[in-house]
Amino acid sequence: MTMKTIESIQNKIIKERSKLSLKKERDKSSLFLVEGKHMIEEALQANCLKELYILIGEDNPFSFEPVFCTQAVLNKLSNQNSNAKMIGVCKKPEEINTDMHRVLLLDTVQDPGNVGTIIRTAHSFGMDAIYYTKGCADIYNPKTIQSSQGAIFHIPMIQTELETFIPSLQKNHFEVFATALHEDSIFLQEVSVPEKYAIILGNEGQGIHKEIIQMANTCVKIEMDTFESLNVGIAASICMYHFRYSKKEV
């Protein structure tokens, strides 16, 4: 079988795929790039891998036919500083309808690293889905994807407007918790965790919009000895752990 190779950065396919570094191109094509063996394995497992590019001379560890490329070609596709060894082109995962009991709501969380960390933690703690507003960091930004460590392939990510979505959750017997330093906030340890819940996380600098806080059933804050607030990714992890493993209401 003839090995497929690409040696020039002027190759038409490579020039087209390199445009996936831009959000508008990812949105238009519903494709995005991942780098490294682990991320490609996750994409394969989720049936999202569309194309595979591997450095000439490297072994192919996957059951997927690759195109072998020069280092210059891989670097043309790469968003990282170091020389890439393998890059995958992936289709965006389909939204999965699940029987939801535990969801996250992201209100304008803008840092891609924070969003990726939240996605990774949400998958680890068994959240059913993440709903995010238009003002959040791009879900398929390379830094978001890398920070998610492949979890982005395994948890539904749905863009929504919280002003209309929160009432629909409440109609479906969800209790909605806003993480906020509000005058009516209760400590996290005081929360009796219901069967169905949603946790709202806000912007790194401004927190949750006031109108969204007012829609929540309860405001919660994390007990701390010194600082008043935490990085949103860390706060999300603490809240998800508490809600997942605390005793549920009877």
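The values are calculated or read from the model by the stated rules, or taken from the named source; none is laboratory data. The structure displayed is predicted, hence computed values, not measured ones. Every residue, glycine as well, gets a Cβ built from its backbone with ideal geometry; the counts of neighbours run over all protein chains shown.
The figures follow:
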quantity: Check on residue 140, assigned to a loop (DSSP other than H, G, I, E, B), touching a Phe, Trp or Tyr at 6+ places or on another chain (Cβ under 9 Å) and either modelled with pLDDT of 95 or more or crowded, with 21+ Cβ neighbours inside 10 Å (or both); calculated: yes
quantity: Selected residue (only one of 20, 31 is surrounded by 13 or more Cβ atoms within 10 Å (Cβ to Cβ), under 16 Å from residue 141 (Cα atoms) and either assigned by TED's automatic domain parsing to the domain that holds residue 147 or touching a Ser or Thr at 6+ places or on another chain (Cβ under 8 Å) (or both)); calculated: 20
quantity: Some residue of the stretch 179-193 being touching a Leu at 6+ places or on another chain (Cβ under 9 Å), assigned to a strand (DSSP E or B) and at pLDDT 95 or above; calculated: yes
quantity: Among (1) among the aliphatic types (A, V, I, L, M); (2) in contact (Cβ under 8 Å) with a residue 60 or more places away in the chain; (3) more than 22 Å from residue 237 (Cβ to Cβ) - the single one residue 84 does not satisfy; calculated: (2)
quantity: Inter-residue pairs, beta-carbon under 7 Å, first over 16 Å from residue 230 (Cα atoms) and among the hydrophobic types (A, V, I, L, M, F, W, C) and in the stretch 172-198, second at pLDDT below 95 and not in a loop (DSSP other than H, G, I, E, B), 6+ apart; calculated: 193/248
quantity: Meets criteria (closer than 21 Å to residue 109 by Cα and touching a residue at least 24 places away in the same chain (Cβ under 8 Å)) for residue 234; calculated: no
quantity: Conditions (1) in contact (Cβ under 8 Å) with a residue 40 or more places away in the chain; (2) within 27 Å of residue 239 (Cα to Cα); (3) over 14 Å from the mean Cα position of the chain (by Cα); number of the one not met by residue 79; calculated: (2)
quantity: Selected residue (criterion: farthest from residue 47 (Cα to Cα)) from residues of the stretch 59-78 that are β-branched (Val, Ile, Thr) and out of contact with any helix residue (DSSP H, G or I) (no Cβ under 7 Å at 6 or more places or on another chain); calculated: 70
quantity: Candidate set from the stretch 44-73 (those that are charged (D, E, K, R) and touching a residue at least 40 places away in the same chain (Cβ under 8 Å)); member that is nearest to residue 88 (Cα to Cα); calculated: 50
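Residues are listed down the side, and each one gets a yes or a no for (1) surrounded by fewer than 19 Cβ atoms within 10 Å (Cβ to Cβ); (2) not acidic (Asp, Glu):
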{"position": "105", "(1), (2)": "no, yes"}
{"position": "121", "(1), (2)": "no, yes"}
{"position": "125", "(1), (2)": "yes, yes"}
{"position": "171", "(1), (2)": "yes, yes"}
{"position": "176", "(1), (2)": "no, yes"}
{"position": "195", "(1), (2)": "yes, no"}
{"position": "201", "(1), (2)": "no, yes"}
